[in-house]
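Presented below is the structure to which this report refers.
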Amino acid sequence: MMVQAPEELRGLLTDLLGPEGGEAFLGVVGQGAPTAFRVNTLKATDHRAFELLEEEGFRAEPLRGVPHGYLLTEEPFPLGRSFSHFLGNLYIQDPSSMLPPLALRPAPGELVLDLAAAPGSKTTQMAAMMENRGLIVANDPKVRRSTFLSFNLMRTGAVNTVVTLLPGNRLGRLYFETFDRVLLDPPCSALGTVKAAPEALRWWRRSERLSRLQWDLMVSAIKALKPGGVLVYSTCTLMPQENEAVVAEALRRYPVELEEVRFEGLKAHPGLTSFQDLSFPQEMSRAVRLYPHEGPGEGFFIARLRKTSGMKPPLERPGGERLPLVDSHHPSVKDFSKALADHFGLPEGFFEGFLFERAKELRIFTPEAARLSYLNYTHRGLPLARPEGPPPALTTWGAQFLGLFASQNVIDLQDPMELLSYLRREELVVSDGLRGQQVIRY
């Protein structure tokens, strides 16, 4: 049944999408979408992830143009309740939401800022793209949202992240010209999400107010970006006031230029060069628009900008604090790291190249985390173990992180029935010679 929409909104959609496009858009409101997910390559290959998924009764097909992205074709029960999801082998994510990190292309070893990160869909995707190397500063000003962000980072095994709780417009001064890449996916009117959230039809009138917030965050993002660095600006709304207008103002006032965004195999439209009484630079066609009635995902706008030169630094830069990080040979952690390596038979030199913080938990970090100072940080690194030893007791996240590399004190379950018995907390029959804490693998 076609949704009833106010005439003003219908007119806006007609101007934006044409008469047929506007009707097609309204035709998908509230219709839902097939579940999509991304294989988390920090924990599993696509092949290994699918072995377990298929044992649980799920079937899926690849998403065109999205590496490691899939659409479920058979879902015997909600994917979020699956063992695969619990293990962090996959991340449930809208197909269009997977595209901004692909446009940004973060690389291992780089410094990356995710300026409005919660709940962590794109942050965890970038951590995997970076092979858990380099550093992502993932910011969200809301405590509750940052809690979800932190949990998702731990579940997916991300080591190369620090979560901060700051207004996004402060980060440009705190981290002036620091980051190689910046992702800005700001709060928006969400008009592209109507398949799953029909209430978004009521939010488009917020565009003017939201565009002011988006502009403040855009300025902060540009300031935080190194000269030569790349910024991707994305929203899940169709409103030009929140998309092309924000980017056009950045082009006019700051040393940035638009680069082409292209996704093979996906139906996408170029960014608008005009809309109603608004006009935008011709190069806006290098950005892309995706519409919810034309594909499996939400509606999205994605623009990629490169900073062409440096800017005048701020007169004052807020101070921060360094994390108390040490390497694996430091007296405060060397006994713990050696005990873990010996107990689980980790490869020689496994902890070389990581840094540690010994707090209530022993946390593991990438070395790039020591390069920055932080204000109001919460989650950081990965909680590896509780230093109670010997050996220290692994956290759930630590067991999943080290379990991929352990060669002893490991119990490998051989078939689904053994796994089911373990999940029911039934007694396991284990071989002689195992001692202390064990890592269970399947």
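Apart from one condition, Lys142 fits all of (1) farther than 26 Å from Gly69 by Cβ; (2) over 17 Å from the mean Cα position of the chain (by Cα); (3) not aromatic (Phe, Trp, Tyr); the exception is (2).
Would you confirm, using the coordinates I've provided, whether Glu177 is among the acidic types (Asp, Glu), free of Cβ contacts under 8 Å to residues at least 60 places away in the same chain and in the same structural domain as Val112 (by TED's automatic domain parsing)? Quick ask: steps written out before the conclusion?
Working: among the acidic types (Asp, Glu): yes; free of Cβ contacts under 8 Å to residues at least 60 places away in the same chain: no; in the same structural domain as Val112 (by TED's automatic domain parsing): yes.
So Glu177 does not fit the description; no.
Listed by first and then second residue, the pairs linking a residue in region 116-134 that is basic (Lys, Arg) to a residue that is in a loop (DSSP other than H, G, I, E, B), with Cβ atoms under 8 Å apart and 6 or more places separating them unless they lie on different chains, are Lys122/Asp185; Arg133/Pro108; Arg133/Gly109; Arg133/Asn160; Arg133/Thr366.
From the residues in region 266-304 that are aliphatic (A, V, I, L, M) and part of a strand (DSSP E or B), which one is surrounded by the fewest Cβ atoms within 10 Å (Cβ to Cβ)? Steps first, please.
We begin by selecting, within region 266-304, every residue aliphatic (A, V, I, L, M); these are 266, 268, 272, 278, 284, 287-288, 290, 302-303.
Then keep just the ones that are part of a strand (DSSP E or B); that gives 278, 288, 290, 302-303.
On the way: Leu278: 13, Val288: 22, Leu290: 23, Ile302: 24, Ala303: 29.
Per the criteria, the residue is Leu278.
Taking each residue of region 192-212 that is within 16 Å of Val246 (Cβ to Cβ) and looking for partners that are of a type in the set (Val, Ile, Thr) and at pLDDT 95 or above with beta-carbon atoms closer than 8 Å, six or more apart or interchain, yields Gly192/Thr235; Gly192/Thr237; Trp204/Thr237; Ser207/Thr237; Ser211/Val246. Out of Thr41, Thr73, Thr14, which single residue is part of a strand (DSSP E or B) and either surrounded by fewer than 21 Cβ atoms within 10 Å (Cβ to Cβ) or touching a Leu at 6+ places or on another chain (Cβ under 8 Å) (or both)? Only one candidate qualifies: Thr73.
Within region 227-255, which residues are aliphatic (A, V, I, L, M) and either under 19 Å from Pro101 (Cα atoms) or part of a loop (DSSP other than H, G, I, E, B) (or both)?
Of all residues in region 227-255, those aliphatic (A, V, I, L, M) come to 230-232, 238-239, 245-248, 250-251.
Within region 227-255, Val230, Leu231, Val232, Leu238, Met239, Val247 qualify.
Of the residues making up region 418-442, those that are of a type outside the set (Ser, Thr, Tyr) and either modelled with pLDDT of 80 or more or touching a Pro at 6+ places or on another chain (Cβ under 8 Å) (or both) are Glu418, Arg425, Glu426, Glu427, Gly436, Gln437, Gln438, Val439, Ile440, Arg441.
When region 26-48 is filtered for residues that are touching an Asp or Glu at 6+ places or on another chain (Cβ under 9 Å) and either in contact (Cβ under 8 Å) with a residue 60 or more places away in the chain or of a type in the set (Asp, Glu) (or both), the ones remaining, listed by number, are Ala33, Pro34, Ala36, Thr41, Leu42.
The values are calculated or read from the model by the stated rules, or taken from the named source; none is laboratory data. Everything quoted here is computed from the prediction, not taken from an experiment. Cβ sites come from the backbone with ideal geometry, for glycine too, and all protein chains shown count toward neighbours.
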